Amino acid sequence: MAANSFMVPLGTPAPAFDLTAVNGGSVALDDFKGSPATLVTFLSNHCPYVRHIETALGALATGYGSRLSVVAICSNDSVTYPDDDATHLAEQAARAGFAFPYLLDETQEVAKSYRAACTPDFFLYDGELRLVYRGQFDDSRPGNDVPVTGATLRAAIDALLAGEPVGADQRPSIGCGIKWKPGNAPA
């Protein structure tokens, strides 16, 4: 069932995390300090909304190079949704051209702290790791025949990198609801 972003208040600081990457090692929010822009995105492998944009997301991230730090987090229950386990996420990263870390949020605490609701869910932070954008990748959805461009997210990134204000008129992302472990869903 489709879910929308919660639209966390702009200016909210990025919650800390230190998670295991699908290819080994760990990655922490502190690893992105000093970056002019940091994109934290909640993804999954099984969701058709993510699959619809994943290649364009990989290209978008690569296109910004070192000006944009990107990290993906999967918080889904991989017992109930085995396509979202580390092996399948690594396959997705290779298929989609993700050159950024893809992390496992096995306790689902990071998803809760970010107030992530769906996959994909995008959170763009400035150089002080304060939220400047949350919402959709673009207007494309599976089956709506709108080209996948990343235009909405790209406009926010471009404004941030140019030192301009990111517009406050932001549309929620829509995608598959996060697959919470029993008893873990936020209240």
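The values are calculated or read from the model by the stated rules, or taken from the named source; none is laboratory data. Only a predicted model underlies this, so the values are computations on that prediction, with no experimental measurement involved. Note that we place each Cβ from the backbone using ideal geometry, even for glycine, and neighbour counts take in every protein chain shown.
Tabulated data
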item: Residue satisfying all of: in segment 9-20; surrounded by 15 or more Cβ atoms within 10 Å (Cβ to Cβ) and among the hydrophobic types (A, V, I, L, M, F, W, C); farthest from E109 (Cα to Cα) among these; result: A14
item: Options V79, V110: the member that is closer than 13 Å to W180 by Cα, among the aliphatic types (A, V, I, L, M) and surrounded by fewer than 19 Cβ atoms within 10 Å (Cβ to Cβ); result: V79
item: Of the criteria (1) in a loop (DSSP other than H, G, I, E, B); (2) closer than 16 Å to D126 by Cβ, which one V40 fails; result: (1)
item: Residue check for D169: part of a helix (DSSP H, G or I), more than 15 Å from the chain's Cα centre (by Cα), over 25 Å from A28 (Cβ atoms) and of a type outside the set (K, R); result: no
item: Of all residues in segment 91-130 being of a type outside the set (K, R), touching a residue at least 12 places away in the same chain (Cβ under 8 Å) and part of a helix (DSSP H, G or I), the one that is farthest from M7 (Cα to Cα); result: E91
item: Any chance L124 is at pLDDT 95 or above and farther than 26 Å from A159 by Cβ; result: no
item: Residue that is surrounded by the fewest Cβ atoms within 10 Å (Cβ to Cβ) [pool: residues in segment 21-45 that are of a type in the set (V, I, T) and more than 16 Å from S66 (Cα to Cα)]; result: V27
item: Flag for P172 being surrounded by 13 or more Cβ atoms within 10 Å (Cβ to Cβ), closer than 23 Å to S75 by Cβ and modelled with pLDDT under 95; result: yes
item: Answer residue from segment 120-165, given it is acidic (D, E) and more than 19 Å from A14 (Cα to Cα) and is surrounded by the most Cβ atoms within 10 Å (Cβ to Cβ) among those; result: D138
item: Selection status of D83, acidic (D, E) and in contact with a Pro (Cβ under 9 Å, 6 or more places away or on another chain); result: no
item: Selection from segment 90-99 of residues that are hydrophobic (A, V, I, L, M, F, W, C) and either in contact with an Asp or Glu (Cβ under 9 Å, 6 or more places away or on another chain) or crowded, with 19+ Cβ neighbours inside 10 Å (or both); result: A93, A96, F98
